[in-house]
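**Student:** Take this structure, written in structure tokens, and hold onto it; I'll ask about it next.
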Amino acid sequence: MALDEKQKEQMAKEILEAQRTAKLITNLTDRFPDVTVDEAYDIQMKLVQERLKSGETIVGRKIGLCAKANQIMFGVNEPIYGHIFNTMVVPEGEPVSSSKLAKPVIEAEICFVLKEELKGPGVDVAKVMAATAGVLPAFEIAGNRYKEQRKKAPDGISDDSGACGVVLGGQLTPINGIDLRLIGMVLDKDGEVIATGAGAAVLGNPAQVVASLANKLAGYGMSIGKGEFIISGSLHAAFFVEGPCSYRAIFDRLGSVTVRFEK
């Protein structure tokens, strides 16, 4: 049975409250087993509108489920998307309290910064590259405001695809002459290497998922604006965070980014 507007609005309000308080709520797919991906995006967009009404602004976007294996697991054939608000950006060097987050995980990602608007449909890799001022090393701090692990894609989508926080590195690197597929990354925790990865881990090319995002947003009358950033998907399996601890991601040619968690 399709969700009506009242049900979508109620879910959006509950999710928003869970995001702000880190108090977990019953999974969307447990309440509405037949909920669709499109309905989950409708809930996400209502949540976005509520945050905008409260005075927050969109400064970036995020992309999730960039691995084909994860897409199959969650029953979709494309990445999922979310929005980054100004209140989610954490200055590098400022500690993050893990106790104030719901099931936080950490992911090292390549972040695109736009010098021109990207508006679908019809955006491809070439248009993404032409519209990009440069790329930054970044950490995404993601979470899950539901009581259970996400069971299907609508759980994640409705929860703004888990967006919690972003830490941006300080070096903006122009992408002329750089093959982003070949950018290597080493991730360490408290000085010990725990993962490695490369740009090609993001569906073969991180610029391709940015193009897919721009085309998806066009269906909601939205575009990615000049000056916005896009964290393009994790280069490795996500790690659950239990503070206190510190993470550092070193990217070939792009520099590094660090984040420190406290309890």
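A short reminder: the numbers here are calculations on the coordinates, not readings from a lab. Since the structure is predicted, the reported quantities are computational estimates derived from the model, not experimental observations. Every residue, glycine as well, gets a Cβ built from its backbone with ideal geometry; the counts of neighbours run over all protein chains shown.
Rundown of residues vs (1) over 20 Å from Leu254 (Cβ atoms); (2) over 15 Å from the mean Cα position of the chain (by Cα), yes/no style:
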{"position": "Gly93", "(1), (2)": "no, yes"}
{"position": "Glu117", "(1), (2)": "yes, yes"}
{"position": "Val123", "(1), (2)": "yes, yes"}
{"position": "Ala126", "(1), (2)": "yes, yes"}
{"position": "Ala131", "(1), (2)": "no, yes"}
{"position": "Leu136", "(1), (2)": "no, no"}
{"position": "Glu148", "(1), (2)": "yes, yes"}
{"position": "Val167", "(1), (2)": "no, no"}
{"position": "Gly197", "(1), (2)": "no, yes"}
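**Student:** Being among the acidic types (Asp, Glu) and touching a Ser or Thr at 6+ places or on another chain (Cβ under 6 Å) narrows it down to one residue among Glu116, Glu78, Glu94, Glu107; which is it?
**Tutor:** Of the residues listed, the single one that is among the acidic types (Asp, Glu) and touching a Ser or Thr at 6+ places or on another chain (Cβ under 6 Å) is Glu107.
**Student:** Does the range 50-73 hold any residues that are assigned to a helix (DSSP H, G or I) and over 24 Å from Gln10 (Cα atoms), and which are they?
**Tutor:** Correct list: Lys68, Ala69, Asn70, Gln71, Ile72, Met73.
**Student:** Whether any residue in the range 30-49 is part of a strand (DSSP E or B), out of contact with any His (no Cβ under 8 Å at 6 or more places or on another chain) and either touching a residue at least 12 places away in the same chain (Cβ under 8 Å) or of a type outside the set (D, E, K, R) (or both) is what I want to check.
**Tutor:** no
**Student:** Could you check, for the range 167-176, whether at least one of its residues is outside any loop (DSSP other than H, G, I, E, B) and buried (at least 24 other Cβ atoms within 10 Å of the Cβ)?
**Tutor:** Yes, some residue in the range 167-176 is outside any loop (DSSP other than H, G, I, E, B) and buried (at least 24 other Cβ atoms within 10 Å of the Cβ).
**Student:** Among the residues of the range 110-132, how many are within 30 Å of Phe239 (Cα to Cα), touching a helix residue (DSSP H, G or I) at 6+ places or on another chain (Cβ under 8 Å) and buried (at least 24 other Cβ atoms within 10 Å of the Cβ)?
**Tutor:** Qualifying residue count for the region: 3.
**Student:** Sort through Ile84, Ile141 and tell me the only one that's over 21 Å from Asp188 (Cα atoms), in a strand (DSSP E or B) and out of contact with any helix residue (DSSP H, G or I) (no Cβ under 6 Å at 6 or more places or on another chain).
**Tutor:** Sole residue among the options that is over 21 Å from Asp188 (Cα atoms), in a strand (DSSP E or B) and out of contact with any helix residue (DSSP H, G or I) (no Cβ under 6 Å at 6 or more places or on another chain): Ile84.
**Student:** Based on this model, can you work out whether Lys53 counts as surrounded by fewer than 15 Cβ atoms within 10 Å (Cβ to Cβ), more than 16 Å from the chain's Cα centre (by Cα) and either under 22 Å from Leu235 (Cα atoms) or not charged (D, E, K, R) (or both)?
**Tutor:** Taking the combined requirement at face value, the residue does not satisfy it.
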